[in-house]
1. Output the strands (runs of 3 or more DSSP E) that fall wholly within the range 18-122 and possess 3 or more residues being modelled with pLDDT under 95, small (G, A, S) and closer than 30 Å to D139 by Cα, or say none.
2. Take the residues in the range 44-56 that are among the aliphatic types (A, V, I, L, M) and within 20 Å of the chain's Cα centre (by Cα); name whichever of them is farthest from F32 (Cα to Cα).
3. List the pairs whose first member sits in the range 74-87 and is touching a residue at least 60 places away in the same chain (Cβ under 8 Å), whose second member is of a type in the set (V, I, T) and not in a strand (DSSP E or B), and whose Cβ atoms are under 6 Å apart, counting only residues at least 6 apart or on separate chains?
4. Of all residues in the range 57-79, count the ones that are within 21 Å of the chain's Cα centre (by Cα) and surrounded by 14 or more Cβ atoms within 10 Å (Cβ to Cβ).
5. So, in the range 12-53, exactly how many residues are surrounded by 14 or more Cβ atoms within 10 Å (Cβ to Cβ) and among the aliphatic types (A, V, I, L, M)?
6. If we keep just the residues of the range 131-144 that are of a type outside the set (K, R) and either touching a Pro at 6+ places or on another chain (Cβ under 8 Å) or not in a strand (DSSP E or B) (or both), which is nearest to I29 (Cα to Cα)?
Amino acid sequence: MENYFTIGNIVNTQGIKGEMRIMPTVDDIMRFKLLKKVYVERKGAVKEYAVEGVRFHKQFVLLKLKGIDDMTAAEALKGSIVKITEDMAIPCEEDEYYIKDLYDMKVVTEDKKELGIITDILFTGANDVYVVTPDQGKDILIPAIKECILNVDVENKVMTVRLLEGLI
């Protein structure tokens, strides 16, 4: 089975010619301009589509796929997930990592106290926020800023953090 990266969610249609509004889940939306094809996951099934056009409007990527030629066809894909294969992803630079690698990562403080695992990531605009779920108690929200995130060891799935005053 292919290993996919989620790059966006189809949230609505745009116009009457089959364009769709995509809420991107990538840092650089210009990455969509490089795509020749994407995979759309709908109800557990994944289908490949050729990309006919990409443009941008406000916070959305407007995506036109081959074979999706009217509003009705686009409406049928609303709620679907837009993905690419791992080989289509832009390689990470130093101190960068894929969002998918963070899920289920163990989070520890700089003095090695285990806080829990990352169960969700909130995309707030200013900076991402990692939702850390402990074995017991309430979730901990940790901003993805240099003052808090000391080290991310993707290979061993461990993130080391410094808790700023008021985070717990």
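1. Values: elements: 19-24, 37-42, 45-57, 60-65, 81-85, 106-109.
No strands (runs of 3 or more DSSP E) qualify here.
2. To start, the set of residues in the range 44-56 that are among the aliphatic types (A, V, I, L, M) comprises 45-46, 50-51, 54.
Filter again for within 20 Å of the chain's Cα centre (by Cα), leaving 45-46, 51, 54.
Values: A45: 22, V46: 19, V51: 9, V54: 7 Å.
Checking each candidate, the answer is A45.
3. A74/I68
4. Looking only at the range 57-79, we keep the residues that are within 21 Å of the chain's Cα centre (by Cα), and these are 57-65, 77-79.
Now drop any that are not surrounded by 14 or more Cβ atoms within 10 Å (Cβ to Cβ), which leaves 60-65, 77-78.
Going through the range 57-79 one residue at a time, the tally reaches 8.
5. Adding up the residues that qualify gives 10.
6. Filtering the range 131-144 down to residues of a type outside the set (K, R) leaves 131-137, 139-144.
After this cut, where a residue has to be either touching a Pro at 6+ places or on another chain (Cβ under 8 Å) or not in a strand (DSSP E or B) (or both) as well, the list is 134-137, 139-140, 144.
Details: P134: 33, D135: 36, Q136: 37, G137: 36, D139: 30, I140: 29, A144: 19 Å.
Among those residues, the one meeting the criterion is A144.
Residue by residue, here is whether (1) out of contact with any Ser or Thr (no Cβ under 7 Å at 6 or more places or on another chain); (2) farther than 24 Å from F32 by Cα; (3) touching a residue at least 40 places away in the same chain (Cβ under 8 Å); (4) not aliphatic (A, V, I, L, M) holds:
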residue	(1), (2), (3), (4)
L115	no, yes, yes, no
D128	yes, no, no, yes
P134	yes, yes, no, yes
K138	yes, yes, no, yes
L141	yes, yes, no, no
D153	yes, yes, no, yes
K157	yes, yes, yes, yes
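The values are calculated or read from the model by the stated rules, or taken from the named source; none is laboratory data. As the structure is a prediction and not an experimental result, all values here were calculated from the model. Don't worry about glycine lacking a Cβ; one is built from the backbone with ideal geometry, like all the others, and counts go over all protein chains shown.
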